Amino acid sequence: MQKELSFEEGAEAVKLARKSIEYYSATGSRWREKAGNDKFLKERGVFVTIEEYPSMELRGCIGFPYASKQLWEAIIEASIEAAFHDPRFLPLKAEELEKILVEISVLTQPKEITGKKSELHEKIEIGKDGLIIQRGHRSGLLLPQVAVEQKWDSEEFLRECCKKAFIPEAAWQSAETKIFRFQAQIFSERTPGGQIEEK
């Protein structure tokens, strides 16, 4: 994929996410300072992932798959939602702030994968593509890095994405199911509040 953000801009995005989490934790209010960089004024899809350190256990992950908000605003909102409103976890406590890693995934616009359903898995590149599966009112999304971390092949990736959407695992082969793929630039802290890397 063509990289939209430079490393410096990606690092700035991660720092904005952490600042948003820390500010909300301290005040209960959203950080409102608009980023000055023009790249942050473009509408982009973004996800914020929070992991416990050093166990690397998931602590929250929420975002916006489609480019519906300016990047700076999407980062702030996704950060707060992932830290305090992910229904799978209790809200982050102040004492946890020094024990978490913050990761940002800036997404390309999702594009539908078309063709024979039996051959769709051959069009998915593990480590590059993330997936969105939609069937009726249900949908599930998995970021590209998840398949790598879990060591899934493309068919397992599709089945797991179906599970995320709460539909049968084999539903990806149904004509009623739509499958989209996207790519992501991923920037993450190596240590809590510390050095940042692009994955």
- Note on the structure: In the set Glu95, Glu189, Glu198, the lone residue that is free of Cβ contacts under 8 Å to residues at least 40 places away in the same chain and either farther than 26 Å from Glu57 by Cβ or not β-branched (Val, Ile, Thr) (or both) is Glu95
- Message: Taking the conditions exactly as written (among the hydrophobic types (A, V, I, L, M, F, W, C), in contact with a helix residue (DSSP H, G or I) (Cβ under 8 Å, 6 or more places away or on another chain), closer than 24 Å to Lys39 by Cβ and assigned by TED's automatic domain parsing to the domain that holds Ala13), does Ala94 satisfy them or not?
- Response: no
- Query: Could you list, in sequence order, the residues of segment 1-53 that are among the acidic types (Asp, Glu), outside any loop (DSSP other than H, G, I, E, B) and closer than 26 Å to Lys111 by Cβ?
  - Reply: Glu9, Asp38, Glu43
- Query: Any chance segment 69-80 includes a residue that's farther than 25 Å from Gly194 by Cα, touching a Leu at 6+ places or on another chain (Cβ under 6 Å) and assigned to a loop (DSSP other than H, G, I, E, B)?
  - Reply: no
- Query: Given the conditions (1) surrounded by fewer than 20 Cβ atoms within 10 Å (Cβ to Cβ); (2) of a type outside the set (A, V, I, L, M); (3) touching a Phe, Trp or Tyr at 6+ places or on another chain (Cβ under 6 Å), and given that Lys117 satisfies all but one, which numbered condition is not satisfied?
  - Reply: (3)
- Task: For segment 74-85, indicate whether the set of residues that are touching an Asp or Glu at 6+ places or on another chain (Cβ under 7 Å), at pLDDT 95 or above, crowded, with 18+ Cβ neighbours inside 10 Å and not aromatic (Phe, Trp, Tyr) is non-empty.
- Result: no
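Going through segment 35-60 one residue at a time, which ones are without any contact (Cβ under 8 Å) to a residue 40 or more places away in the chain and crowded, with 19+ Cβ neighbours inside 10 Å?
Phe40, Gly60 - these are the residues of segment 35-60 that are without any contact (Cβ under 8 Å) to a residue 40 or more places away in the chain and crowded, with 19+ Cβ neighbours inside 10 Å.
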- Of (1) surrounded by fewer than 17 Cβ atoms within 10 Å (Cβ to Cβ); (2) at pLDDT below 95, Phe89 satisfies all except one. Which? (2)
- Query: Failed condition for Lys3, given (1) surrounded by fewer than 13 Cβ atoms within 10 Å (Cβ to Cβ); (2) under 16 Å from Val102 (Cβ atoms), with all others met?
  - Reply: (2)
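Name the residue, out of Glu119, Glu103, that is at pLDDT 95 or above and charged (D, E, K, R).
Result: Glu103 is the single residue among Glu119, Glu103 that is at pLDDT 95 or above and charged (D, E, K, R).
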- Message: Looking at segment 167-178, I want the residues that are at pLDDT 95 or above and have a partner that is surrounded by 15 or more Cβ atoms within 10 Å (Cβ to Cβ) and hydroxyl-bearing (Ser, Thr, Tyr) with Cβ atoms under 8 Å, at least 6 apart or on another chain. Which pairs are those?
- Response: Ile167/Thr177; Ala171/Thr177
- Message: Can you pull out every residue in segment 106-147 that is free of Cβ contacts under 8 Å to residues at least 60 places away in the same chain and of a type in the set (A, V, I, L, M)?
- Response: Leu120, Ile124, Ile126, Leu131, Ile133, Leu142, Val146, Ala147
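The values are calculated or read from the model by the stated rules, or taken from the named source; none is laboratory data. Remember, predicted model here, so these are calculated numbers, not experimental data. Methodologically, a virtual Cβ is constructed for each residue, glycine included, from the backbone with ideal geometry; neighbour enumeration extends over all protein chains shown.
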